[in-house]
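The values are calculated or read from the model by the stated rules, or taken from the named source; none is laboratory data. Note that this is a predicted model, so its numbers are computed, not measured. Cβ placement follows ideal geometry from the backbone for every residue including glycine, while neighbour counts extend to all protein chains displayed. Each accessible area value is taken on the protein alone, full model and side chains, heavy atoms only, with ligands, DNA and RNA left out. Shrake-Rupley method; radii C 1.70, N 1.55, O 1.52, S 1.80 Å.
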Amino acid sequence: MASLRISLVIGLFFVVFVWGANAVVVKFIFQDMSAFTYVGLRYISLIPLTFLVVLCGGQSLKVRKETLGALCVAAFLGFGIPQILGYLGLANTTAFASSLFGATTPLATLAICAWRNYEVVSGARWMGALVCLIGLAIFEGALSGHMDFRLGDLLALASALLAGIYNVMVAKLVKDYHPVTLMFWVIFISSFMVIPMCAPSMAAQDWSRISTLDWILMGFSVIFPVLVAHPIWHWAIKHDGAGTTSLWALLCPLVAGGVAALWLDTPILPHELFGAIISLTGLALAQISWARIIAWRRARQITG
């Protein structure tokens, strides 16, 4: 049991570092490559790679007719459009800000679940969401006297909100599909929208500007965040639960901010750091199941 706990911690630290660092890696690539070109290349690379992973794992690629509609919603609204908005946002803001706004996806998931009556959302969790929003306002300069929502921040926030749809749909679809198979179909279906949108930018791209380092980093961005990190994340959810595991994603903005400061010399202003801490605290409070904590404490009192 102890060895499993150690493996989970090591695996999740790896996932957090990869996801956080990827925002900085992509930001660096954007110096020589447009956001649309990057997204198009990433899709073109991921389709055959995920297909090979499915085949090597011996998983079925069969699509259930009754789930096709949900699969398309997850692919287009929950994955494809957020991918475009997210990377366009990253191109127009800092890696730290993009990662922070992207971390608000659980709030959108929470709101959708409450709206559709998938689960009862307590007042304490809504309070956590409010704290998160206050933190984002401080991050944008509410207390420093110069509120300034950058275009990239708004796009990253829009991407995060739409990604909440993906979480809700996947929670249903994962009952009928293996996670790797589901990942392939989401990428494949959304590619019919994303690749045509990216094609003009790819045709206009000055390929001579892309260095060897860019290509190496592109390989990292394609393989590690999706093909390596996601299976580890799913494995952690299986053993530790979705609620507990999801809290680790809150560390991604801190990794992105730290790596950006060290590699890209991106300054982090005091009010941004203060706002980020408050926002991440709110996110953590919004994801904690207080009912489970109370039940656990009562059980401890009874057994004690």
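Remarks
- Span-like helix ranges in the chain, DSSP H, alpha carbon extent 27 angstrom or more, Kyte mean at least 0.5: 2-29, 35-56, 151-173, 179-204
- The distance linking the range 53-131 with the range 14-45 is 18 Å (Cα centroid to Cα centroid, whole angstrom).
- Average accessible surface for the chain: 49 Å² per residue, computed with a 1.4 Å probe over protein heavy atoms with every protein chain in place.
- Of all accessible heavy-atom area on the range 1-71, the percent that carbon and sulfur account for (1.4 Å): 71 percent
- Helix-only [θ]222 nm of the chain, DSSP H runs n ≥ 4, -39500 (n - 2.57) each, per residue, nearest 500: -24000 deg cm²/dmol
- The range 1-118 shape via C-alpha gyration tensor axes, a/c threshold 1.5: rounded
- Springs join every pair of Cα atoms under 10 Å in this Gaussian network model of the chain, and among Leu49, Leu283, Leu136 the largest mean-square fluctuation is at Leu49.
- Candidates Val18, His230, Ile138 compared by Cα position along the dipole of the chain: farthest toward the positive end lies His230, with charges placed on Cβ.
- Ligands, DNA and RNA aside, Asp32 has an accessible area near 40 Å² when probed at 1.4 Å.
- Qualifying trypsin sites (Lys or Arg not before Pro) for the range 28-78 [loop in DSSP, other Cβ within 10 Å: at most 12]: Lys62, Arg64
- In Å, descending, principal axis extents of the Cα set of the range 155-210: 45, 26, 19
- The shape of the chain can be summarised by an equivalent ellipsoid whose semi-axes, obtained from the alpha carbon gyration tensor, come to 30, 26, 19 Å from longest to shortest.
- Spatial separation of Cα centroids for the range 185-201 and the range 248-278, in angstrom: 31 Å
- Rounded accessible area of His239 (nearest 10 Å², 1.4 Å probe): 90 Å²
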